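Engineer: Pasting a structure here, questions to come.
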Amino acid sequence: MSTVDWLWVLHPALAVVIVYPLIGMTIRLGVQTRSRRVDKAKLPPTTGRDHADLGSWLAVAVVGIVLVALTVVIATKGDPGSFQGGTSRALTLLLVLIGTFVSLVALWRVKAKAYRLSFALLTWAGILGLGAQPEVFRLSDNPFSAEFWTSHYWAGVAVVGLMLFSLGARPEILREPRLRRLHVSASVLAAVLFTLQGITGSRDLLTIPLSWQKPFLGACNWSEQRCPPPPQAPAP
Ligand code: HEM
Ligand code: HEM
């Protein structure tokens, strides 16, 4: 495998090694937090805080791996010398990437409600802006087609939005019953989307050819599932 192939493996590997274990721990502690509050189960008083701490790390990790995926997809689509849009577009996209990262750090640090809302929206806008680039593969942009609902991209950016909501509204989830209920509904949906991401991500990993295979596979008709016959081997 060449360097570019390893770069494409980075996002799935980080998802499997860091994000999915965090999802498991966060869900377990979330369920315990609820049984402690509702059923008065005998669990440590730190359960709720541990859940929220791990949840915050989960939200940051999900944004992180999505930024890695988008950067790799955009930067390695073609030869670095023939980047579509030239240096000015490359610099603009780099600025958006840095801005998104800075917003995420700011979201983690700020306390005031208005700042948390603004930085959560800015981080999400950065992800959507990078995701809207033509280099990023999306199965379909039409919500009335089946492909849209099995798109790794759309479920990915949706789950990022849900994670940013929980991270941004952490103090309110703790204090206000209405937001706690909203958080539980949003997180059930997030858990379904994470499962979907595991399935569609593995499917995509199987479909994306290695860099040395791309020139040959580019000549294939993917909808008819046919490739040109391989060149004849020279006679011995
Ligand atoms: C898949 C991810 C998640 C699931 C399934 C989940 C689930 C839950 C559940 C079931 C509760 C208990 C609600 C209740 O007492 O009725 C809870 C509470 C809470 N969650 Fe999450 N959550 C997730 C992610 C997050 C994230 C990313 C954050 C962000 C910081 C977060 C912050 C909180 C907070 C602050 C509470 C209140 C804790 C307390 O009462 O002490 N959660 N969550
Ligand atoms: C936390 C769950 C995940 C989220 C939120 C997520 C999100 C995304 C997003 C937004 C993209 C860029 C759009 C695209 O190229 O389709 C992407 C790319 C990709 N994802 Fe995921 N993903 C997750 C988990 C996984 C898993 C578990 C796998 C495979 C085992 C995977 C495999 C891929 C592959 C192969 C790509 C193409 C780009 C690359 O490899 O860098 N993803 N993902």
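Values quoted throughout were computed directly from the atomic coordinates according to the rules given, and no laboratory measurement underlies them. Computed from a predicted model, the values in this text were never measured in an experiment. Cβ: placed from backbone, ideal geometry, glycine included. Neighbour counts: every protein chain shown.
Engineer: With the Cα gyration tensor of the range 1-121 giving a ≥ b ≥ c as the square roots of its eigenvalues, does the rule (a/c under 1.5 for rounded; else a/b larger than b/c for prolate; else oblate) give rounded, prolate or oblate?
Structural biologist: It is oblate, given that a/c is not under 1.5 and a/b is not larger than b/c.
Engineer: Between Phe83 and Ala146, take the C-beta separation as r, use R0 = 30 Å, and let me know the FRET efficiency to the nearest 0.05.
Structural biologist: 0.35
Engineer: Compute a Gaussian network model of the chain, connecting alpha carbons closer than 10 Å, and tell me which residue from Val66, Val159, Val184 fluctuates the most.
Structural biologist: Judging by the Gaussian network model, the answer is Val184.
Engineer: Still on this model: What angle do you read, to the nearest 10 degrees and between 0 and 90, between the alpha-carbon axis of helix 86-109 and the longest principal axis of the chain?
Structural biologist: Computed tilt is about 20 degrees.
Engineer: Report the gain in length on full extension from Trp6 to Glu176: 0.36 nm times residue separation, minus Cα-Cα distance, nm rounded to one decimal.
Structural biologist: Between Trp6 and Glu176, full extension yields an extra 56.7 nm.
Engineer: Also, I was wondering about something else. Using a cut-off of 27 Å between alpha-carbon atoms, which lysines can reach Lys214, once sequence neighbours fewer than 8 places away in the same chain are excluded?
Structural biologist: Output for Lys214: Lys77.
Engineer: Please turn the phi angles of the range 63-77 into ³J(HN,Hα) values with the Karplus equation 6.51 cos²θ - 1.76 cosθ + 1.60 (θ = phi - 60°), one per residue in order, whole Hz, x for glycine and proline.
Structural biologist: For the range 63-77, the Karplus curve yields 4, x, 5, 6, 4, 4, 4, 5, 4, 5, 4, 5, 6, 10, 4 Hz.
Engineer: Would you calculate, for the chain, the mean residue ellipticity at 222 nm contributed by helices, counting each DSSP H stretch of 4 or more residues as -39,500 (n - 2.57) and dividing by all residues, to the nearest 500?
Structural biologist: When only DSSP H runs of four or more count, the value is -23500 deg cm²/dmol.
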